[in-house]
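Chemist: Can you read through this structure? Questions will come right after.
Every read-out reported here was derived from the displayed coordinates using simple, explicitly stated rules and does not represent laboratory data. Quick caveat: nothing in here was measured; it's all calculated off a predicted structure. Using ideal geometry, Cβ is built from the backbone for each residue, glycine included, and neighbour counts are taken over all protein chains shown.
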Amino acid sequence: MSSSLRVGILGAGGIANVHARGWSAFPKKATIAAFSDVATDRAQAMSDLYTDGSATVYDSIDAVVADPEIDVIDICLPHHLHADAVTKAAKAGKAIL
């Protein structure tokens, strides 16, 4: 991992907004590198708001966890989707929040 963590946020709803604000408070320690949501327009809006559009937008969990530039997967999905997301992130060797 680099000295600044590169974070991929799964989900683009209310909890994702809270987490993105948190990550954004520590720019020397973490960079939001990706947002993922099945509604890519919502993920793009999050990228625009928190990273001036620099974060990559994905439409699937698989795409984010496959990104070699991502160090941490922040799961901000509905509870019933957590197990699948955690399993995929763990298999990819990512840190998980």
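Chemist: Scanning segment 1-22 for residues that are of a type in the set (A, V, I, L, M) and loosely packed, with under 14 Cβ neighbours inside 10 Å, which turns out farthest from residue 64 (Cα to Cα)?
Modeler: Residue satisfying both the conditions and the ranking: 18.
Chemist: For segment 23-39, enumerate the residues that are surrounded by 14 or more Cβ atoms within 10 Å (Cβ to Cβ) and either touching a residue at least 40 places away in the same chain (Cβ under 8 Å) or over 13 Å from the mean Cα position of the chain (by Cα) (or both).
Modeler: Passing the criteria: 23, 30.
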